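Accompanying notes for the structure given below.
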Amino acid sequence: MGGRWVMTVPIAPELSRAELADRQDERLVETVERAYENVPFYRELLDDHGVSPGDIDGIDDIGKLPMTTKTAFREEYPDGLFAVADEDIIRIHASSGTTGKPKVVGYTDDDLERWAAVVARSLDAAGVEPGDTVQNAYGYGLFTGGLGLHDGIERLGATVVPMGGGNTARQLTMLQDMESDALSCTPSYCLYLADCAEEQGLDPRDLPLSTVIIGAEPFTDPMREEIEAALDVTAIDIYGLSEIMGPGVAMECAAAQDGLHVWEGHFYPEIIDPDTGETLPPGETGELVLTTLTKEAQPILRYRTGDITHLYEDDCECGRTAVRMGNVTGRTDDLLIVRGVNVYASQIEEIMVGIDDIAPHYRIDLRREDSLDTMDITVEPHERSETTPAELRAAIDERLDDQLNVSPDSIDVVEPGTIERTEVGKVKRVFDHR
Ligand code: DLL
């Protein structure tokens with residue numbers, strides 16, 4: 001779609017670290033005041049901890065603030081965390097948990113403006129340019145993925161093809177007919193789409209795409225490589241969560257493809273030890289805690305995301321000054337305790353995806369039988385694999401035992417295509433029946 005008029009890129013200039021720090025100081029003070037004055041939940045929480053807004057002079061004081069957990073969203077459902085009058089909320093989103101009520105989030109007009117700008121900035125980091133065409137296959141609706149990406153794509157001055165999730169045959173047709181440069185969707189859907197293309201006799205590498213923007217669920221490095229090879233694209237990681245804004249809290253840059261720049265003028269990141277709550281120094285792995293610095297409708301202080309990662313402050317070759325966080329491969333609540341051995345689903349995934357002959361589709365079923373935990377793994381070989389199921393089982397068993405000290409009760413190798421694919425929404429791989 002060349003040759004058309006393109007608006008100028010509305011990307012804010014890079015701030016120096018010192019300028020960024022000044023901005024964070026100012027914005028934290030404002031955010032704490034706003035939360036204390038307008039949200040009874042925060043007034044009580046701060047009062048209970050003996051902290052008043054006057055104690056917070058800047059980011060260095062953030063450790064004085066208590067943390068917010070997801071239970072606040074459940075207890076204050078639906079709008080108890082809003083800091084503005086109902087008529088100032090112009091959009092609602094919600095994220096459904098596996099249990100209980102959804103977490104409802106609200107946005108003012110200015111919040112939506114800032115969100116679009118932050119997503120535009122994220123897309124710019126991914127190498128998407130004004131004038132490009134982006135097919136957006138994140139779900140539209142209460143989920144923040146669809147509309148969040150949508151507004152950012154438009155803000156950048158790119159063309160959005162608002163497909164939403166599912167309807168894969170049509171996605172493939174539109175990708176070709178619109179000559180889309182980029183596709184935004186979950187990593188599992190990316191692979192599914194590539195498989196569907198092949199089934200239709202189409203080589204997925206012949207699709208016009210050069211970039212895919214993948215996020216909303218964890219993926220491992222081998223899985224990213226698989227996506228890049230299958231579609232002949234660069235796969236860029238986008239991170240975000242509804243409670244803090246939605247997609248675009250942090251974004252990998254195409255230049256380094258190494259860690260995600262956290263847009264620190266808007267979201268302040270910390271890493272804590274999930275067991276003790278203590279703040280950890282840069283480089284150490286723990287739970288990501290985020291504070292909104294510009295959210296008007298719903299300021300959130302020190303939110304425990306449950307996501308496991310680390311922060312690194314080294315200079316990035318792209319020249320962006322914002323700190324980077326590692327790719328999120330696990331969550332504190334993904335921890336599986338199988339017969340007393342602690343293991344993250346992502347660690348199991350990493351091992352399985354690391355075995356060449358195994359397709360990145362698997363499921364883990366956990367059950368309890370006679371007060372003993374059992375773990376059954378189901379995997380698919382790659383279509384091209386010539387290894388026998390017995391050899392595959394042996395390879396998985398040996399690596400799980402060597403590297404994680406776990407031994408599943410069964411490893412079932414099923415025909416390619418047997419494991420149910422997720423066409424809409426986030427992939428679910430662990431089924432805990434206990
Ligand atoms: O998933 C927002 C989003 C939409 C992000 C589209 C990226 C793209 P929630 O439904 O509230 O919001 O889920 C947030 O998803 O706490 C992580 O556990 C996980 N997650 C999000 N992005 C990534 C990522 C959206 N890039 C939860 N890598 C977060 C790993 C991710 N996990």
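Suppose all protein chains stay in the model; what accessible area per residue would a 1.4 Å probe give for the range 333-432, in Å²?
55
In sequence order, what are the phi-derived ³J(HN,Hα) couplings for the range 25-35 according to the Karplus relation 6.51 cos²θ - 1.76 cosθ + 1.60 with θ = phi - 60°, rounded to whole Hz, with x for glycine and proline?
Working through the residues one at a time gives 4, 4, 6, 5, 4, 4, 5, 5, 4, 4, 5 Hz.
With each run of n ≥ 4 DSSP H residues scored as -39500 (n - 2.57), what mean residue ellipticity at 222 nm is computed for the chain after dividing by its residue count and rounding to the nearest 500 deg cm²/dmol?
Result for the chain: -8500 deg cm²/dmol, rounded to the nearest 500.
What is the log10 of I(q)/I(0) for the chain, computed with the Debye formula using one identical point scatterer on each Cα and no solvent, at q = 0.14 Å⁻¹?
So the normalised log intensities are -1.37.
Give me the net charge of residue 312's neighbourhood, meaning all other residues with Cβ under 12 Å from the Cβ of residue 312; Lys, Arg count +1, Asp, Glu -1.
Net of charged neighbours comes to -4.
Once you list every other residue whose beta carbon is under 13 Å from the beta carbon of residue 203, what net charge do they have if Lys and Arg are +1 and Asp and Glu are -1?
-4
Which links in 70/101; 295/428; 103/295; 101/295 stretch past 21 Å when you go from one Cα to the other?
Pairs exceeding the cut-off: 295/428; 101/295.
Among the trypsin sites (Lys or Arg not before Pro) in the range 44-92, which ones are in a DSSP loop with at most 15 other Cβ atoms within 10 Å of the Cβ? Mind listing them?
none
Given charges of +1 on the Cβ of Lys and Arg and -1 on the Cβ of Asp and Glu, with all other atoms neutral, how large is the dipole of the range 333-432 about its Cα centre, in debye to the nearest 20?
300
Which of the peptides 223-233, 12-22, 424-434, 185-195 is most tightly packed, and how do the rest follow, going by the mean number of other Cβ atoms within 10 Å of each residue?
Output ranking for 223-233, 12-22, 424-434, 185-195: 185-195, 223-233, 424-434, 12-22.
Compare the peptides 210-217, 171-178, 345-352 by average per-residue count of other Cβ atoms within 10 angstrom and give them in order, highest first.
For the peptides 210-217, 171-178, 345-352, the packing ranking is 210-217, 345-352, 171-178.
So between residue 432 and residue 14, what do we pick up on full extension, going 0.36 nm a residue minus the alpha carbon distance?
146.0 nm
Rounded to the nearest 5, what % of DSSP beta bridges with both residues in the chain are antiparallel?
65
Please name which of 150, 265, 220 has its Cα lying farthest along the dipole of the chain towards the positive end, using unit charges on Cβ (Lys, Arg +1; Asp, Glu -1) and the Cα centre as origin.
The one lying farthest along the dipole's positive direction is 150.
Give the separation of the Cα centroids, the range 133-201 to the range 9-76, in Å.
Each part's Cα centre sits 35 Å from the other's.
Tell me, what % of the accessible area of the range 1-328 is carbon and sulfur with a 1.4 angstrom probe?
In the range 1-328, the share of accessible area belonging to carbon and sulfur is 45 percent.
Order these peptides, 268-275, 319-326, 365-372, 40-47, by their mean beta-carbon neighbour count within 10 angstrom, highest first.
319-326, 268-275, 40-47, 365-372
Mind listing the phi-derived Karplus ³J(HN,Hα) values for the range 104-120, rounded to whole Hz, using 6.51, -1.76 and 1.60 with θ = phi - 60°, and x for any glycine or proline?
9, 10, x, 9, 8, 4, 5, 4, 5, 4, 5, 4, 4, 5, 5, 5, 4
In whole percent, how big is the carbon plus sulfur part of the accessible area of the range 333-432, probe 1.4 Å, protein atoms only?
Within the range 333-432, the accessible surface is 42 percent carbon and sulfur.
Let me know the charge dipole size of the chain about its Cα centre in debye, to the nearest 20, where only the beta-carbon of Lys, Arg (+1) and Asp, Glu (-1) is charged.
Here the chain has a charge dipole of around 940 debye.
Solvent-accessible area of residue 77, probe 1.4 Å, all protein chains present, reported in Å² to the nearest ten, please.
90
What are the principal axis extents of the Cα atoms in the range 333-432, in Å, biggest first?
Principal axes ranked by extent give 39, 34, 23 Å for the Cα atoms.
So what's the gap between the Cα centers of the range 278-327 and the range 371-420, to the nearest angstrom?
35
Can you tell me the accessible area per residue over the range 1-328, all protein chains present, probe 1.4 angstrom, in square angstrom?
For the range 1-328, the solvent-accessible area averages 40 Å² per residue.
Using the Karplus equation 6.51 cos²θ - 1.76 cosθ + 1.60 (θ = phi - 60°), what ³J(HN,Hα) coupling, rounded to whole Hz, does each residue of the range 189-201 give in order, writing x for Gly and Pro?
Rounded to whole hertz, the list is 5, 4, 5, 4, 4, 4, 4, 5, 4, 4, 4, 7, x.
The values are calculated or read from the model by the stated rules, or taken from the named source; none is laboratory data. Bear in mind the structure is a predicted one, so any value in this text is a computation, not a measurement. No Cβ is skipped: glycine too gets one built from the backbone with ideal geometry, and neighbour counts run over all protein chains shown. These accessible areas exclude ligands, DNA and RNA; they are computed on the full protein's heavy atoms, side chains included. Shrake-Rupley method; radii C 1.70, N 1.55, O 1.52, S 1.80 Å.
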